[in-house]
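Working notes, structure below.
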Amino acid sequence: MQLFAFGLNHNTAPISVREQVNFSPERLKHALHDIIERELTTEIVIISTCNRTELYCVVEPDIDNIPHKINNWLSHYHNIPSQLLQTHLYIHEKEDTVRHLLRVACGLDSMVLGEPQILGQIKSAYNTAKEAKTTKRLLNKLFEYAFSVAKQVRTDTAIGSSPVSVAFAAVRLAQQIFGSLQPNTALLIGAGETIELAARHLHENQLGRMIVANRTLERARQLAKEFAGYAITLEEIPVHLAEVDVVIASTASQTHVLTKAEVEQAIKIRKHRPMFMVDIAVPRDIEPSVGELEDIYLYSVDDLNEVIQDNLRSREQEALKAEEIIDTQVTHFMNWWRSLDVVTTICDLREQTQGRKNTIVIKAKRMLDNGKSPYEVVDYLAHTLTNTIMHSPCSQLRQAGYDGQNELITAAQQLFQLPDDNLT
């Protein structure tokens with residue numbers, strides 16, 4: 001079997017490209033089934049977040065030029081030019097695929113070094129693939145192994161000790177613009193993990209007032225209640241937009257939640273008091289042209305990178321420790337994978353030996369039925385089993401000696417735990 005990872009992320013593709021290849025949760029199972037039905041892979045997990053889209057594939061060894069075929073499938077599925085994908089797509093194979101997934105799961109490949117949210121996103125993607133029945137032995141083992149290694153890294157290093165995340169960076173940037181957040185009102189659009197984290201950071205920094213908008217009002221109420229906020233639906237946003245100074249958006253919507261016209265109207269009502277906006281979503285929640293308006297500070301996830309870099313210093317040393325753990329664990333996984341190759345050989349050897357044994361035992365039982373002495377039958381059984389089992393190895397070893405195949409002789413010494421002079 002061949003093991004591949006195909007993907008693009010915040011390092012290889014801008015948000016304008018990433019949002020075009022994003023798989024919405026509603027379409028993910030369809031995509032998984034589609035690629036399996038086209039017989040491109042035998043196993044598949046798709047991870048799709050705001051910062052990356054990655055396909056982990058197990059492919060039959062007789063399928064040629066799989067990178068080209070996967071690129072074409074992505075291009076066709078998302079209706080984007082294949083040349084555009086080729087510019088930004090990266091490919092990992094075999095051991096590099098294992099290492100890449102472990103690094104991603106541990107947060108070492110994230111925009112925010114060591115951020116924990118990606119692990120939950122990987123688990124969700126893996127569970128979706130399991131529900132879709134697009135994983136089997138190899139990917140099941142690989143992803144469960146990745147979760148175990150991520151836990152080990154969190155336990156054995158301090159890579160997650162500093163409060164550094166996209167949500168943290170967004171709040172820190174708001175503080176740089178407004179200073180104290182106590183007089184300000186924030187609108188959080190969405191109610192997922194990133195928005196919850198942003199709400200927590202805002203609350204810890206004494207935000208004056210919080211409004212939570214979500215498609216499901218009940219979920220918005222749950223989050224707003226925890227931080228003494230006010231809950232509204234997405235449709236109610238234009239009514240309240242002029243009240244807010246900070247907007248942080250992260251939904252799974254496939255269309256813009258906030259338009260330029262709505263923001264323009266709010267700015268007029270605010271008499272051009274500035275608004276700070278962070279769009280963490282992919283695809284984007286806020287119409288990009290909003291950034292063209294005066295008195296609007298609009299940032300995407302890519303724009304947060306500079307802020308994030310300033311908060312990474314304490315994690316870099318811990319990341320080196322994490323890389324050492326990953327190197328060791330990659331070796332362990334590859335050893336397990338290679339061991340699968342010998343399982344078939346072991347099964348064949350057992351089946352062959354069992355067949356020969358059964359034939360000899362049947363004959364021994366007939367000897368007993370015919371009145372032969374049990375001692376004579378036992379002697380026959382032991383002698384015949386030994387000769388039968390040893391015939392093929394001994395024959396091959398004699399031929400190896402004749403042909404000068406010393407490596408085979410050495411392997412036999414190791415396999416049967418023999419002293420060197422036994423085969424000379």
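Are there trypsin sites (Lys or Arg not before Pro) in the range 67-145 that DSSP marks as loop and that have at most 15 other Cβ atoms within 10 Å, and which are they?
Details: sites: LYS69, LYS94, ARG99, ARG103, LYS123, LYS130, LYS133, LYS136, ARG137, LYS141; in loops: LYS94, LYS133, LYS136.
For trypsin sites (Lys or Arg not before Pro) across the range 67-145 that sit outside H, G, I, E and B with at most 15 neighbouring Cβ atoms in 10 Å, the list reads LYS94, LYS133, LYS136.
Can you list the residues, at least 5 places off or on another chain, whose amide H is less than 5 Å from the amide H of MET277, using H built in the peptide plane? Result for MET277 returns VAL247, TYR297, LEU298, TYR299. Derived scalar couplings between HN and Hα for the range 279-295 equal 9, 8, 6, 9, x, 5, 7, 9, 4, x, 5, 4, x, 7, 6, 5, 6 Hz in order, rounded to whole Hz, by the Karplus curve 6.51 cos²θ - 1.76 cosθ + 1.60 (θ = phi - 60°), x for Gly and Pro.
What whole-number volume per residue, in cubic angstrom, does the convex hull of the C-alpha atoms of the range 373-423 give? Walk me through the intermediate numbers first.
Numbers: hull volume 4.3 nm³, N = 51.
Measuring per residue, one finds 85 Å³ for the Cα hull of the range 373-423.
FRET efficiency for the pair GLU95 and ASN370, taken as 1/(1 + (r/R0)^6) with r the Cβ-Cβ distance and R0 = 51 Å, rounds to 0.30. Counting 0.36 nm for each residue step from THR345 to LYS136 and taking away their Cα separation leaves a gain of 73.1 nm. Looking at the chain, the DSSP beta bridges with both ends there are about 45 percent antiparallel.
Our compactness index for the chain, the C-alpha radius of gyration over the empirical 2.2 N^0.38 Å, is 1.40. For the chain, the longest principal axis of the C-alpha atoms and the axis of helix 66-78 are separated by about 30°. For the range 1-85, the set of GluC sites (Glu not before Pro) satisfying both a DSSP loop assignment and a count of at most 14 other C-beta atoms within 10 Å is given as GLU39. Rounded to the nearest Hz, the phi-derived 3J(HN,Hα) couplings of the range 43-52 under the Karplus curve 6.51 cos²θ - 1.76 cosθ + 1.60 (θ = phi - 60°) are 9, 7, 10, 10, 9, 9, 10, 5, 9, 7, where x marks glycine and proline. Binning the C-alpha pair distances of the range 166-309 at 5 Å intervals from 0 yields a P(r) profile of 2, 11, 23, 26, 23, 13, 3, 0 %, listed from the shortest bin outward.
With a ≥ b ≥ c taken as the square roots of the eigenvalues of the C-alpha gyration tensor of the range 116-230, please select rounded if a/c is under 1.5 and otherwise prolate if a/b is larger than b/c or oblate if it is not? Since a/c reaches 1.5 but b/c is at least a/b, the shape of the range 116-230 is classed as oblate. For LYS260, the lysines whose Cα falls under 28 Å of its own Cα, not counting residues fewer than eight places away in the same chain, are LYS268, LYS271.
Note that the range 14-27 has calculated 3J(HN,Hα) couplings of x, 4, 5, 8, 4, 5, 6, 10, 6, 9, 5, x, 5, 9 Hz, one per residue in order, obtained from phi through the Karplus relation 6.51 cos²θ - 1.76 cosθ + 1.60 (θ = phi - 60°); glycine and proline are x. Residue pairs exceeding 25 angstrom between C-alpha atoms, taken from LYS141/LYS357; LYS29/LYS225; LYS94/LYS141; LYS69/LYS136; LYS130/LYS151: LYS141/LYS357; LYS29/LYS225. Distance between the modelled labels on GLN83 and LEU293, one decimal in nanometres: 3.7 nm (7 Å Cα→Cβ projection). When CYS106, CYS50, CYS57, CYS394 are sorted by how many other C-beta atoms sit within 10 angstrom of their C-beta, beginning with the fewest, the order is CYS394, CYS57, CYS50, CYS106.
Near ALA231, the amide H atoms lying under 5 Å from its own belong to VAL212; only residues 5 or more places off or on other chains count, and H is placed 1.01 Å from N. Fully extending the segment from ARG398 to LYS363 would add 9.7 nm, taking 0.36 nm per residue of separation and subtracting the current Cα-Cα distance. Got a sec? Which residues in the range 385-410 would a label at THR353 touch, if it sits 7 Å along Cα→Cβ and we count backbone N under 13 Å? Only 385-393 fall inside the zone, counting backbone N under 13 Å.
Subtracting the Cα-Cα distance of ASN387 and GLU324 from their residue separation scaled by 0.36 nm leaves 17.7 nm. Spin-label model, ASP34/MET334: points 7 Å from Cα along the beta carbon direction are separated by 3.5 nm.
Throughout, read-outs are computed from the coordinates displayed, never taken from laboratory work. Bear in mind the structure is a predicted one, so any value in this text is a computation, not a measurement. In this analysis, Cβ positions are derived from the backbone assuming ideal geometry, glycine residues included, and neighbour counts consider all displayed protein chains.
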